[in-house]
Amino acid sequence: MASIFSKIIAGEIPCYKIAEDGNYFAFLDINPVQKGHVLVVPKDEKDYIFDYAPEYYAGLWKFAQKIAAAQKAALPCKRIGVAVIGLEVPHAHIHLVPLVNEGDLDFSASKKLSLPKSEMEEIAQKIREKL
Ligand code: 5GP
């Protein structure tokens, strides 16, 4: 069965899209740990990020680099933090999180935000404009 992320990529489930190319897709995390938290996902669905062929794996990080540059330009932060967790959704993805402090990269359930649709769309638009 297709993962929730494959359904998002296929347009079957809505998302706040940031960018895509032939191989990769980026969108806002629905419960961000910080405003502007983006997920970068390979279109080829595999559970574990280190299972991809080296070239495809390298391309994922190259794509993520572009997204991170746009986030940093668009949002008030010191830098973009990176995490790969994958304990919730079994479809490899990179978390890109705008940071001010070390503690901002905290994925505890109690730290997750639920922002209004209008704010999520505004954040996505700001990031897209910097791509
Ligand atoms: P992980 O698998 O890395 O532990 O976490 C999966 C992440 O995906 C979580 O941060 C969660 O908020 C996000 N997520 C789960 N389902 C959806 C969804 O349907 N849409 C979006 N945009 N994000 C999701």
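Structure summary
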{"item": "Cα-based Rg of segment 4-129 normalised by 2.2 N^0.38 Å, two decimals", "result": "0.98"}
{"item": "Added length on full extension, which subtracts the Cα-Cα distance from 0.36 nm per residue, residue 117 to residue 61", "result": "17.3 nm"}
{"item": "Where the chain is the region considered: accessible area per residue in Å², 1.4 Å probe", "result": "56"}
{"item": "FRET efficiency for residue 2 and residue 31, using Cβ-Cβ distance with R0 set to 25 Å, rounded to 0.05", "result": "0.75"}
{"item": "For segment 4-129: relative contact order, % (alpha-carbon pairs under 8 angstrom, 6 or more apart)", "result": "31"}
{"item": "In segment 31-90, the GluC sites (Glu not before Pro) that fall in loop regions by DSSP, at most 13 other Cβ within 10 Å", "result": "88"}
{"item": "FRET efficiency, residue 13 to residue 44 (Cβ-Cβ, R0 22 Å, nearest 0.05)", "result": "0.75"}
{"item": "CD proxy at 222 nm, helix term only [per DSSP H run n ≥ 4: -39500 (n - 2.57); per residue of the chain; nearest 500]", "result": "-9500 deg cm²/dmol"}
{"item": "Of all accessible heavy-atom area on the chain, the percent that carbon and sulfur account for (1.4 Å)", "result": "53"}
{"item": "Degrees, to the nearest 10: 117-129 long Cα axis against longest axis of the chain", "result": "70"}
{"item": "Tilt relative to the chain, helix 54-74 - C-alpha long axis, 0 to 90 degrees, to 10", "result": "20"}
{"item": "Sparse-neighbour loop sites [trypsin sites (Lys or Arg not before Pro); segment 56-103; at most 15 other C-beta within 10 Å; DSSP]", "result": "78"}
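The values are calculated or read from the model by the stated rules, or taken from the named source; none is laboratory data. Everything numeric in this text was worked out from a predicted model, so none of it was measured. Every residue, glycine among them, receives a Cβ derived from its backbone with ideal geometry; neighbour counts consider all protein chains shown. Each accessible area value is taken on the protein alone, full model and side chains, heavy atoms only, with ligands, DNA and RNA left out. Shrake-Rupley method; radii C 1.70, N 1.55, O 1.52, S 1.80 Å.
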